[in-house]
Amino acid sequence: MFNNKVLSLFALPLLMSGQAFADDAPIKVKVFIGSMFEIGKNTGDKAGEFQHWYERYFKNSQPITVKGAASPVFCNDDGVCGSVLGMGKVASSSSVQAICLIQSLICLKPIS
């Protein structure tokens with residue numbers, strides 16, 4: 001009984017956020033490229049960690065805004081996704097957790 005109350009307490013914010021009810025089919029992520037910083041914009045200026053990845057893989061992709069992540073996620077048609085996660089262990093791990101919790105991306109293959 002205690003476990004159900006705790007589970008519902010953690011599930012409630014996700015359900016209230018609206019991200020649990022995505023209209024589009026989820027994107028199956030094959031590879032995720034995570035960088036810790038970008039100097040300026042994703043293209044057209046001095047390149048940081050993410051700019052070369054963006055220009056090669058995500059230039060024609062639409063950004064997916066994720067609450068709790070440092071920056072948007074970009075995914076191409078091949079299932080390659082990437083984002084600037086933020087500097088340091090706390091910022092990057094918080095971004096990864098927020099990205100893995102959204103329903104529009106399938107980050108893990110279900111165990112059957």
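Computed from the coordinates by the stated procedures, all read-outs in this text should not be read as laboratory data. Being a predicted model, the structure only gives us computed values, none of them experimental. Quick reminder, even Gly has a Cβ in these numbers, built from the backbone with ideal geometry, and neighbours come from all protein chains shown.
When the residues of the stretch 37-65 are filtered to those that are touching a strand residue (DSSP E or B) at 6+ places or on another chain (Cβ under 7 Å) and of a type outside the set (Ser, Thr, Tyr), the one that is nearest to residue 88 (Cα to Cα) is 37.
Per the conditions (1) more than 21 Å from residue 27 (Cβ to Cβ); (2) touching a Lys or Arg at 6+ places or on another chain (Cβ under 7 Å), the sole criterion not satisfied by residue 79 is (1). In this entry, residue 96 passes the filter for residues that are in contact (Cβ under 8 Å) with a residue 60 or more places away in the chain and under 12 Å from residue 33 (Cα atoms).
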